[in-house]
Amino acid sequence: MPGEVPLRGRNLGDLAFKTLLTIAAIAIPALLAFLVWELYLGSKLAIERYGLGFISGTNWDPVAEEFGALPLIFGTLTSAAIALVIAVPLSLGVAIYLTEFAPKWIRQPIAFVIELLAAIPSVVYGLWGIFVLIPLLRTAVFPFLRDTLGFLPLFQGPIYGNSMLAAGIILAIMVMPYIMSVSREVLLAVPTSQREAALGLGATRWEAAWTAVVPYARSGILGAIILGLGRALGETMAVTMLIGNRHEIAASLFAPGYTMAAVIANEFTEAATDIHFSALTYVAFTLFFVTVLVNAAARLLIWRVSRGRPSGGQGV
Amino acid sequence: MNRLGWRRWKSRVMVGLMMVAVVVAVAPLVMILATLVARGAGSLNLAFFTQIPVPAGETGGGVAHAIVGTLLIVGTAALLGLPIGIGAGIYCAEYPTARLAVVARFVADVMNGTPSIVVGVFAWTLIVDVQKHFSGLAGSAALAMLMVPMVLRTTEEMVRLVPHSLREAALALGYPRWRTSLSVVVRTCLPGIVTGSLLAIARIAGETAPLLFTALGSQFMSRDLDQPMAALPLTVFTYATGPYDDWHRIAWATALVLILVVLVLSLLARLATRQRFGSRG
């Protein structure tokens with residue numbers, strides 16, 4: 001009963017409650033600061049020895065203690081770019097269809113099914129990639145691409161299966177649900193008057209969607225795409241299992257490659273020297289900074305569109 | 001007239017293309033689930049759930065060690081991560097304009113986008129490198145770090161949905177602030193917080209990368225969090241990339257079990273919220 005609580009005890013209770021909550025809230029920035037500090041300490045040795053040349057070096061030889069991360073950075077960027085080229089049109093098509101065209105009863109179920117894709121663990125994508133996707137690509141898709149688009153350097157050379165393109169395709173499947181669900185949210189936030197005005201001027205339904213609705217949500221959609229990019233850059237397991245893990249920069253997408261996340265996954269347990277550990281931590285440090293920048297940009301863009309709405313654009 | 005006809009035709013073609021996009025987007029999910037069941041279901045028997053692996057090359061054995069390992073590692077991660085995530089989430093909702101709330105919210109977004117492998121490296125430098133041996137506890141710490149920002153954001157959103165009138169009524173009746181928060185506000189949105197927590201647990205249960213060099217994995221039954229420990233996702237990775245056909249069979253079956261765990265947790269999460277609306281009629 002509230003009446004029985006003495007006034008002093010009440011204040012003590014409030015004080016204790018607020019203190020506990022504050023400790024929990026302080027823990028969040030403290031953890032992140034601690035993470036940055038530990039990564040810095042861990043990579044200090046490599047930063048001092050290689051400096052920024054680490055980023056432009058192409059040779060990775062743990063035995064000779066030579067570490068250059070350029071092929072890794074190249075692989076991370078290329079696989080993420082392939083993923084976006086495939087995933088962006090698909091997820092935008094689905095998002096526009098679900099908000100503007102689909103029958104009402106089908107919208108929620110389709111959105112739910114696609115969001116289920118986001119719940120599948122990365123390692124399961126990798127497993128499926130090794131035993132289903134790679135054989136399909138090696139026997140059917142890659143030869144077809146080489147026959148039709150083989151005049152481009154991108155689609156030349158021997159076909160192994162495990163390759164940059166395979167990693168890009170699995171990444172596309174994995175980032176699609178994120179881009180789709182955030183784009184859908186920002187499209188839903190576009191005022192109905194935008195659509196009505198365009199339709200009232202005689203636009204077809206597609207023209208109304210493409211010229212009145214999509215431009216209105218432009219920066220939010222860009223935010224969704226950059227959020228997907230952030231996911232693709234940091235994705236580890238599925239890429240490690242499909243990309244072929246070779247330290248080289250090849251023009252052909254059929255050739256194996258390597259990414260920053262994958263090299264950490266593969267070499268961290270095998271590293272024997274301090275400088276090897278330090279170089280791998282340096283890679284993690286670099287990857288961390290790239291993803292922080294990418295995500296900050298995405299949040300800013302999404303926030304600009306959905307501010308003022310009660311249930312902001314956090315989405316995922 | 002002709003031009004209008006062309007515009008109508010274009011509109012129809014674009015809608016058709018978008019429907020194709022929907023089919024292409026849904027296809028991988030169907031294919032993945034179908035292959036998991038087709039290749040994994042046949043290997044699910046009692047031995048699979050109760051035995052530990054047999055030496056490479058022999059057939060049979062199970063993944064009981066990985067099931068126990070996942071339960072222990074994820075359970076410990078939840079014990080570490082949930083209080084911090086929920087507490088910070090309530091803080092952000094109760095004092096939304098406080099500088100600390102703004103900072104915590106922003107940092108949680110940054111952490112949400114941090115690759116899980118980077119968090120794994122952090123846990124390695126923090127625990128494994130200091131102790132000089134791999135341990136399940138280091139894996140739990142990494143997973144806890146991953147779930148904190150997710151739990152924070154869902155908790156905050158749920159607490160904010162509680163109408164102000166409820167809080168005011170409790171305060172007017174003479175409840176102190178902390179009891180208003182706990183037995184009125186948090187009590188009201190508890191199903192939402194449970195849902196958010198279960199979804200976060202479902203997500204970390206499938207994480208592999210942060211466990212690679214923390215929990216490491218093991219071929220034996222281990223209940224000691226201070227020792228290397230097996231986990232379902234690690235088992236899928238090891239067996240999928242191994243050279244034996246029988247290993248691949250086990251990888252499919254383990255992946256099926258892992259997916260079932262994740263889907264059951266997600267379903268439970270939805271039930272927790274539904275019950276609330278059901279009981280309110």
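One residue stands out in region B:175-211 among those that are within 19 Å of residue A:126 (Cβ to Cβ) and outside any helix (DSSP H, G or I): the one that is nearest to the other protein chains (Cβ to nearest Cβ), namely B:206. Pairs are defined by a Cβ separation below 7 Å, a sequence spacing of at least 6 or placement on different chains, a first member in region A:111-136 that is within 7 Å of another protein chain (Cβ to nearest Cβ) and within 16 Å of residue B:36 (Cα to Cα), and a second member that is surrounded by fewer than 24 Cβ atoms within 10 Å (Cβ to Cβ) and of a type in the set (S, T, N, Q); the pairs so defined are A:119/B:266; A:128/B:35; A:132/B:35. Tell me, please, whether a residue that is over 27 Å from residue B:269 (Cβ atoms) and at pLDDT 90 or above can be found in region A:104-111. Scanning region A:104-111 turns up no residue that is over 27 Å from residue B:269 (Cβ atoms) and at pLDDT 90 or above. Scan region B:212-232 and give yes if some residue there is without any contact (Cβ under 8 Å) to a residue 60 or more places away in the chain, under 19 Å from the mean Cα position of the chain (by Cα), in a helix (DSSP H, G or I) and within 12 Å of another protein chain (Cβ to nearest Cβ), otherwise no. No, region B:212-232 contains no residue that is without any contact (Cβ under 8 Å) to a residue 60 or more places away in the chain, under 19 Å from the mean Cα position of the chain (by Cα), in a helix (DSSP H, G or I) and within 12 Å of another protein chain (Cβ to nearest Cβ). Counting the residues of region A:215-254 that are at positive phi and either small (Gly, Ala, Ser) or at pLDDT 95 or above (or both) gives 1. All of A:116, A:90, A:72, A:133 fail the test of being part of a helix (DSSP H, G or I) and either under 30 Å from residue A:194 (Cβ atoms) or touching a Lys or Arg at 6+ places or on another chain (Cβ under 8 Å) (or both), apart from A:90. One residue alone among B:44, B:29, B:17 is among the aliphatic types (A, V, I, L, M), closer than 30 Å to residue A:98 by Cα and either in contact with a His (Cβ under 6 Å, 6 or more places away or on another chain) or at pLDDT below 95 (or both), and that residue is B:29.
In this structure, does residue A:163 turn out to be farther than 21 Å from residue B:115 by Cβ, touching a Pro at 6+ places or on another chain (Cβ under 7 Å) and buried (at least 19 other Cβ atoms within 10 Å of the Cβ)? Can you show your working first?
Numbers: farther than 21 Å from residue B:115 by Cβ: yes; touching a Pro at 6+ places or on another chain (Cβ under 7 Å): yes; buried (at least 19 other Cβ atoms within 10 Å of the Cβ): yes.
Yes.
Of all residues in region B:102-135, those that are in a helix (DSSP H, G or I) and either surrounded by 22 or more Cβ atoms within 10 Å (Cβ to Cβ) or more than 7 Å from chain A (Cβ to nearest Cβ) (or both) total 21.
Just checking, does region A:94-107 include any residue being more than 9 Å from chain B (Cβ to nearest Cβ), surrounded by fewer than 21 Cβ atoms within 10 Å (Cβ to Cβ) and either among the polar types (S, T, N, Q) or not in a helix (DSSP H, G or I) (or both)? Yes, some residue in region A:94-107 is more than 9 Å from chain B (Cβ to nearest Cβ), surrounded by fewer than 21 Cβ atoms within 10 Å (Cβ to Cβ) and either among the polar types (S, T, N, Q) or not in a helix (DSSP H, G or I) (or both).
To keep it simple, each residue is scored yes or no on (1) touching a Phe, Trp or Tyr at 6+ places or on another chain (Cβ under 8 Å); (2) closer than 19 Å to residue A:286 by Cα.
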position	(1), (2)
A:48	no, yes
A:75	yes, yes
A:90	no, no
A:101	no, no
A:115	no, no
A:130	no, no
A:142	yes, no
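Report whether or not residue A:193 is hydroxyl-bearing (Ser, Thr, Tyr), closer than 14 Å to residue A:92 by Cα and either in contact (Cβ under 8 Å) with a residue 40 or more places away in the chain or away from chain B (no Cβ under 14 Å) (or both). So residue A:193 does not fit the description; no. Restricting attention to region B:75-120, the residues that are touching a residue at least 60 places away in the same chain (Cβ under 8 Å) and either in contact with a strand residue (DSSP E or B) (Cβ under 6 Å, 6 or more places away or on another chain) or β-branched (Val, Ile, Thr) (or both) add up to 6.
The values are calculated or read from the model by the stated rules, or taken from the named source; none is laboratory data. Small disclaimer: the values here were computed from a predicted structure and weren't measured. Backbone-built Cβ (ideal geometry, glycine too); neighbour counts: all protein chains shown.
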